[in-house]
Amino acid sequence: MDLTQPAVDAAAYMKGLVSLYSTNAAAAGVVFLVLAYVVMTFHKRIVRPTKPTKTSPSSQKSTADPDGLAYLLPPSRRQVLPPPFGTVEKDSVKEGEGGFVSPTGIRLCKLRRLVGSFPDYAVLSGVPHPQPCPAGFTLETARFRPFRTFRWRYHQHMALMKLDPDYWLELEHSYKASLAERRALYEAHGEKILFCSTPDDDDDDNDSVVAALACRELLEMALQFVCRRHPHLFAMDGREGEEETVRVFVNKVLGTKVLLDNDVYGHRALQVLLDNIPEDFAIVTRSAGDGRYRLRAASVCSSVGWCIGQHRGRPLQDIHGRVTDYATKMARSMDRYFAKLPTDQPIQRGSWSIEEGRPLFVEHEADRPGLDAEGDGDGDGGRSGRLPLHLRCDWQTLRRLPLTGAIVFNFKPAFTPLTDLRSEPYVPALLHQILDQGDPRLVTPGKCMEHTHKEVVSLLKSWADEQVASGVVPADWEPRTLDESPFYPGWEAVWHGVQGF
């Protein structure tokens, strides 16, 4: 059917009418204008094709994906791939021709060739390599920075900060002892501490493949980092193989060498991390069906009242089920944050608690140190018959891997004797305010166990009063988040003095 014919017929009819009324110019003008309006309206409705309506992510939501996460993706990293990998193709993550396409836009066939070749991850991710550690650094005296991630008013949120590329992974004087403790925990608890997804775990055939590749990608990034940050402690050598040069990681601290051949993927890659980097790592990857991120691999020794193995295969909201207010206030925003996180915007944050002793791995809450002990605090930091109190800070980093598009959550626990806070300006008053005036649902037992709460609050109050009496803190100072957060005034001089450099 010719849709233009009605408009042509209408124009001919108009011409006849104009001829009929040519004796009356005024009448002809009126008729012409009226019919012109009719013809143009008719033309718009019938002749002009209707433009398809652009479908927005919000209109594509389904009952299985109410938040539209399947259509939320981070920026592509295809443009920074070395030739010929960077050729622009018209794929989508949802339906990539030829199989899986990572959230960062890279096909599985290219992932297999890139991961394992030790590409320059600074270029791929957009995060610069670290600077070599300062002159005078010695592992024997190195200490973690004094993290004091206290906020007032205190409420539940992520408190994200931009990552300093020099401090993604930190080493300190307990390096050897920490590695030995972690290895012993792994040998005792196995997959409760370290695992990588297998085909039996997953709904999608590619999930376990991508998880194994992500473990290798993380390993390569971590080894590149420590070799550049601590060149006097670690190095990367090459060994000629039958077809290509195989990388060899040299750990000068331990006196070991690790051959990084084609068998070092998945579970084995996590074991290499466990044996060389005293840090906890959890890897989540995107599920193609609903766009949610699920835990696919991990090496996590630092857990009190839980273990990482119990969260295997779970999405974020299920993993954080025990976190107060997470489901109601944070779950939706965190799902969207993970879906869109760019590779060049890694973040850091801190989580803290007051602990008895220095617990690293305690699977069940009932086995937490100090719960079955007897004795009392003496009001001055001494604890007759009980374990000493410590501030525990888990310093955490979140970043997306540039090739697989997996997201890595890594963290390290830093323990500080609670008595050290006595000399830190403003810290006792701020922490006292949080524990004494904060929301009880968030404070106990999340930040301080109920059986130690009264003792800790009393100590902090006495130290805060001392600082006012000595003039360190003004008498009219109202507790608030410190300008130096996540540290405290004068921390650098103290830190340098303790380390000796």
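Each reported figure results from applying straightforward, stated rules to the coordinates on display, with no laboratory input. Here the structure is a predicted model, which means the values were calculated and not measured. Ideal geometry is used to build each Cβ from the backbone, glycine not excepted, and the neighbour counts take in all protein chains shown.
Structure above, values below:
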quantity	calculated
Dimensionless Rg over Rh [the stretch 304-353; C-alpha; Kirkwood]	0.98
FRET E, pair Glu492, Asp201, Förster distance 45 Å, beta-carbon r, rounded to 0.05	0.50
Contour minus Cα-Cα distance for Glu466 and Gln79 (0.36 nm per residue)	133.5 nm
Using distinct alpha-carbon pairs, which all enter the 1/r mean, Kirkwood radius of the stretch 161-417 in Å	19.7
Cα Rg, Dmax, the stretch 146-295, angstrom units	17.8, 62
Gain in span if fully extended, Leu254 to Thr141, counting 0.36 nm per residue against the direct Cα distance	39.0 nm
Stretch gain in nm, segment Arg314-Ala327, where the contour uses 0.36 nm per residue and the Cα spacing is subtracted	3.2 nm
Highest-first arrangement of 209-220, 390-401, 310-321, where packing means the average Cβ count within 10 Å	209-220, 390-401, 310-321
Cut-off 12 Å between beta-carbons: net charge of the residues surrounding Gln224, Lys and Arg +1, Asp and Glu -1	0
Cα Rg, Dmax (largest Cα-Cα span) when computed across the stretch 388-440, Å	16.5, 46
Per residue, the convex hull volume that the Cα atoms of the stretch 163-235 enclose (Å³)	129
